[in-house]
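For reference, the structure discussed in these notes is given below.
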Amino acid sequence: MAFEEVAIERALTFIEPGPVVLVTTFDGVKNNVMTITWTMAMDFEQHIVITTGPWNYSFETLLHTRECAVCVPAADLLNTVVQIGMVSGTDTDKFKTFGLTALVSKYVKAPLIAECLACLECSVIDYIESYGFFVLQVRRVLVDQGRCERRLIHAVGDGCFVLDGETVSRRGQMMTKLPPGL
């Protein structure tokens, strides 16, 4: 088997991050939602990271309000997720345009999205400007247990996506390594 060198820009297509998510904010006047393809779990203390910057309309709201909801869409929302990422909240009411149902959160003012598989209410606990990392503390998790489509969407980084496939459990082998509650 022979390796072939490819463009360095392809590196990230092999090291894809967590699932594509829809991050909602509320600026005191209106709700907004943005597609984020760079997500990462940091630890077992419910800290996660999303990456964004001033090119996203919700960026300033995240900095100012220090809260959001991270909503996890399933594979059946792929086209909507891509379309949300192609327009700006500056001039588009994304909830109305894409037929999203905003639900009231318990701990943050940002709405939950009823069409998603799961929603995490989060507080911003740190912002690492040099990388555009928002470190979030998850405060509440809601899951639509009755939702049939449960496959997550993963961005490869080149306009292509991978949808989750078969789930294989090794819980029995790993029980001593799993934190309480999992």
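The values are calculated or read from the model by the stated rules, or taken from the named source; none is laboratory data. Quick caveat: nothing in here was measured; it's all calculated off a predicted structure. Every residue, glycine among them, receives a Cβ derived from its backbone with ideal geometry; neighbour counts consider all protein chains shown.
The residues listed here are V143, V156, V124; of these, the one that is closer than 23 Å to K30 by Cα, among the aliphatic types (A, V, I, L, M) and either surrounded by 13 or more Cβ atoms within 10 Å (Cβ to Cβ) or under 15 Å from the mean Cα position of the chain (by Cα) (or both) is V124. Across the stretch 44-53, the qualifying residues are those that are part of a loop (DSSP other than H, G, I, E, B) and farther than 22 Å from R151 by Cα, and the one among them that is nearest to the chain's Cα centre (by Cα) is T52. It is to be established whether one or more residues within the stretch 149-161 are touching a His at 6+ places or on another chain (Cβ under 9 Å) and modelled with pLDDT under 95. The answer is yes, given that some residue of the stretch 149-161 is touching a His at 6+ places or on another chain (Cβ under 9 Å) and modelled with pLDDT under 95. Screening N56 against (1) modelled with pLDDT under 95; (2) assigned to a strand (DSSP E or B) leaves a single unmet condition, (2).
Between a residue in the stretch 82-96 that is of a type in the set (K, R) and any residue that is surrounded by 14 or more Cβ atoms within 10 Å (Cβ to Cβ) and in a helix (DSSP H, G or I), which pairs come within a Cβ distance under 6 Å, given they are 6 or more apart or on different chains? Short answer, once both residue conditions are applied: K94/I84. Only strands (runs of 3 or more DSSP E) whose full extent lies in the stretch 63-182 are considered here, and the ones with at least 3 residues that are more than 20 Å from V20 (Cβ to Cβ) are 118-128, 133-143. Does S130 count as over 19 Å from A41 (Cβ atoms), modelled with pLDDT of 90 or more and not charged (D, E, K, R)? Against the criterion (over 19 Å from A41 (Cβ atoms), modelled with pLDDT of 90 or more and not charged (D, E, K, R)), S130 qualifies. Of all residues in the stretch 161-182, those that are closer than 26 Å to F14 by Cα have Cβ atoms under 6 Å from Cβ atoms of residues that are charged (D, E, K, R) and part of a loop (DSSP other than H, G, I, E, B), 6 or more apart or on another chain, in L163/R151; D164/R151.
For the stretch 57-111, taking the residues that are among the hydroxyl-bearing types (S, T, Y) and loosely packed, with under 15 Cβ neighbours inside 10 Å, the one that is nearest to G165 (Cα to Cα) is identified as T101. Every listed requirement among (1) closer than 16 Å to H154 by Cβ; (2) in contact (Cβ under 8 Å) with a residue 24 or more places away in the chain is met by V124 save one, (1).
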